[in-house]
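Student: After the structure tokens below, expect a handful of questions from me.
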Amino acid sequence: MLGVLLHPVLWHSHLFIRPRGPVAPSECLRGGTVMGVDDADLELLLLIRHFERKLLELFEAGQLNGTTHTCLGQEYIPVALRTLLAEADYVFSNHRGHGHYLARFNDPHGLLAEIMGREGAVCQGVGGSQHILRGRYLSTGVQGESMPVAVGTALHLKREGSNNLAAVFLGDGTWGEGSVYEALNMASLWQVPLLVLVENNGIAQSTPTGVQLAGSIAGRAAAFGVRHQLVRTQDLDEIRAELGPAVTRVRDTAEPLVVEFLTQRLGPHSKGDDTRPAEEVDLAAERDWYRRYAAEIPDRLGLCDIRQREFVEQVVKEVAARPLSTWDDRCLLPNV
């Protein structure tokens, strides 16, 4: 019924009044400064950006199967978290997880091979875009599924006396899943080192957050006695400075934390299914980190941009020339 109410025709009509939610990312997101961004961060930001753009091109050209969900516009979040998460931490990603994977492993060849089903794929091509297992990294396209698993992992870490944590990425739409609340209840009751990273881009597939989420994410975390921290900025150094002490507290005290990033999605939900009004998409483009970088550090961005664009082209050419992957006993082995 909700999907009918949110049909694009009704969206644009005067019959549909868009309720105001407690959080409107497109209105609250801050740009920040980019002058001090280091080369490693800049290269990684652009690698993810061009990797995602290339995926959409490949799909449009009919060279990929299945589906994919890009993180265009949200690349800065996993890049900022790169220095806050330890190698021995567990990371649970979701359907929009290419940036999470690349920020953790810097392995575009393995990821593209996985998506294209070619030799050298992270999971032999069995997992595709959404379902990837590598060491302590796991992604899934089933919304809410990772939360209970992450809580169980965090409990394990606590019991073994580890200083590591379990980090789980969610979207704002995932807060409609009951498993999220069961997991929050257990995380709070057991006091486990769980870091919940919410990428609130204001829309769950085609449903604006304001019409699918009662109250707020902060309020829902508070209902379980779980700390909540809101991040409005896209600036990498600001994010790290704001979250550094909070993440350390999760490690040291095993007290769970929900971090909510107000962010924006530049592209469609998956490939060509963007139901947002044109003016909303244009506003997201105006506030895109890439545009600010191009204005503030044009020379540095230009050089890195060319380098990463050409690198991604090389990756595609090399991976596309590989034989198709085959399903064999390797699919049953843990990928480390």
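Student: Taking the stated definitions as given, is Ser216 closer than 18 Å to Asn201 by Cβ, modelled with pLDDT of 95 or more, surrounded by 14 or more Cβ atoms within 10 Å (Cβ to Cβ) and hydroxyl-bearing (Ser, Thr, Tyr)? Spell out the reasoning first.
Tutor: Values: closer than 18 Å to Asn201 by Cβ: yes; modelled with pLDDT of 95 or more: yes; surrounded by 14 or more Cβ atoms within 10 Å (Cβ to Cβ): yes; hydroxyl-bearing (Ser, Thr, Tyr): yes.
When the stated conditions are applied, Ser216 passes them.
Student: Check whether at least one residue in segment 134-150 is assigned to a strand (DSSP E or B), over 25 Å from Gln124 (Cα atoms) and open to solvent by less than 20 Å² (accessible area, probe 1.4 Å), and report yes or no. Spell out how you get there, then give the answer.
Tutor: Filtering segment 134-150 for residues assigned to a strand (DSSP E or B) gives 134, 137-139.
Now restrict to residues that are over 25 Å from Gln124 (Cα atoms): none.
No, the conditions are met nowhere in segment 134-150.
Student: Can I ask one more? Go through His69, His95, His109 for me and flag whichever is open to solvent by 10 Å² or more (accessible area, probe 1.4 Å) and under 26 Å from Asn164 (Cβ atoms).
Tutor: Working: His69 fails: under 26 Å from Asn164 (Cβ atoms); His109 fails: under 26 Å from Asn164 (Cβ atoms).
Checking each option against the conditions leaves just His95.
Student: Restricting the search to segment 280-320, which residues are open to solvent by 50 Å² or more (accessible area, probe 1.4 Å) and among the β-branched types (Val, Ile, Thr)?
Tutor: Listed by number, the list holds a single entry, Ile306.
Student: Right, here's the next one. Is it true that some residue in segment 254-268 is more than 17 Å from the chain's Cα centre (by Cα), hydrophobic (A, V, I, L, M, F, W, C) and surrounded by fewer than 18 Cβ atoms within 10 Å (Cβ to Cβ)?
Tutor: no
Student: Might you check whether a residue that is at pLDDT below 50 and of a type in the set (Ser, Thr, Tyr) occurs anywhere in segment 9-17?
Tutor: Yes, segment 9-17 has at least one match.
Student: What's the total number of residues in segment 158-208 that are part of a helix (DSSP H, G or I), of a type in the set (A, V, I, L, M, F, W, C) and over 18 Å from the mean Cα position of the chain (by Cα)? Walk me through how you get there before you give the answer.
Tutor: First pass over segment 158-208, keeping only residues part of a helix (DSSP H, G or I): 158-159, 172-176, 178-190.
Adding the requirement that they be of a type in the set (A, V, I, L, M, F, W, C) leaves 175, 180, 183-184, 186-187, 189-190.
Filter once more, so that each one left must be over 18 Å from the mean Cα position of the chain (by Cα): 183-184, 186-187, 189-190.
The total comes to 6.
Student: Another one. Can you tell me which residue in segment 112-124 is most open to solvent (accessible area, probe 1.4 Å), limited to those that are in contact with a helix residue (DSSP H, G or I) (Cβ under 6 Å, 6 or more places away or on another chain) and small (Gly, Ala, Ser)?
Tutor: Applying the filter and picking the extreme gives Gly120.
Student: Here's a follow-up. For segment 224-265, give me each residue that is in a strand (DSSP E or B), of a type in the set (A, V, I, L, M, F, W, C) and over 15 Å from Leu165 (Cβ atoms). I'd like the intermediate steps shown before the answer.
Tutor: So the first thing to find is which residues in segment 224-265 are in a strand (DSSP E or B), and the list is 227-231, 233, 257-262.
Among the residues that remain, those that are also of a type in the set (A, V, I, L, M, F, W, C) are: 230-231, 257-259, 261-262.
Within segment 224-265, Leu230, Val231, Phe261, Leu262 meet the criteria.
Student: Out of the residues in segment 176-200 meeting the condition of being within 29 Å of Gly73 (Cβ to Cβ) and in contact with a Phe, Trp or Tyr (Cβ under 6 Å, 6 or more places away or on another chain), tell me which one is surrounded by the most Cβ atoms within 10 Å (Cβ to Cβ).
Tutor: Selected residue: Glu199.
Student: Identify, please: which residue in segment 111-120 is in contact with a Lys or Arg (Cβ under 9 Å, 6 or more places away or on another chain) and either at pLDDT below 95 or assigned to a loop (DSSP other than H, G, I, E, B) (or both) and is, among those, farthest from Trp327 (Cα to Cα)?
Tutor: My answer is Gly120.
Student: Additional query: Write out, first by first residue and then by second, each pair whose Cβ atoms fall under 8 Å of each other, whose residues are 6+ apart or on separate chains, and whose first residue, in segment 324-336, is under 16 Å from Arg134 (Cα atoms) while the second is modelled with pLDDT of 80 or more and polar (S, T, N, Q).
Tutor: Note: pairs meeting the criteria are Arg330/Gln124; Cys331/Gln124.
Student: Please specify each residue of segment 47-103 satisfying the condition of being hydroxyl-bearing (Ser, Thr, Tyr) and either within 22 Å of Arg232 (Cβ to Cβ) or touching a residue at least 60 places away in the same chain (Cβ under 8 Å) (or both).
Tutor: Filtering segment 47-103 for residues hydroxyl-bearing (Ser, Thr, Tyr) gives 67-68, 70, 76, 83, 90, 93, 101.
Thr67, Thr68, Thr70, Tyr76, Thr83, Tyr90, Ser93, listed by residue number.
Student: Let me ask something additional. Being over 30 Å from Val126 (Cα atoms) and either in contact with a His (Cβ under 6 Å, 6 or more places away or on another chain) or free of Cβ contacts under 8 Å to residues at least 40 places away in the same chain (or both) is the filter here; which residues of segment 286-323 pass it? Show your work before the answer.
Tutor: Just the residues of segment 286-323 that are over 30 Å from Val126 (Cα atoms), to begin with: 286-307.
Selection gives Glu286, Arg291, Ala294, Ala295, Pro298, Asp299, Gly302, Leu303, Ile306.
The values are calculated or read from the model by the stated rules, or taken from the named source; none is laboratory data. These numbers come from a predicted model, not from an experiment. When we count neighbours, we look across all protein chains shown, and the Cβ atoms used for this are built from the backbone with ideal geometry, even at glycine. Accessible surface is based on the protein model in full, side chains and every heavy atom, while ligands, DNA and RNA are left aside. Shrake-Rupley method; radii C 1.70, N 1.55, O 1.52, S 1.80 Å.
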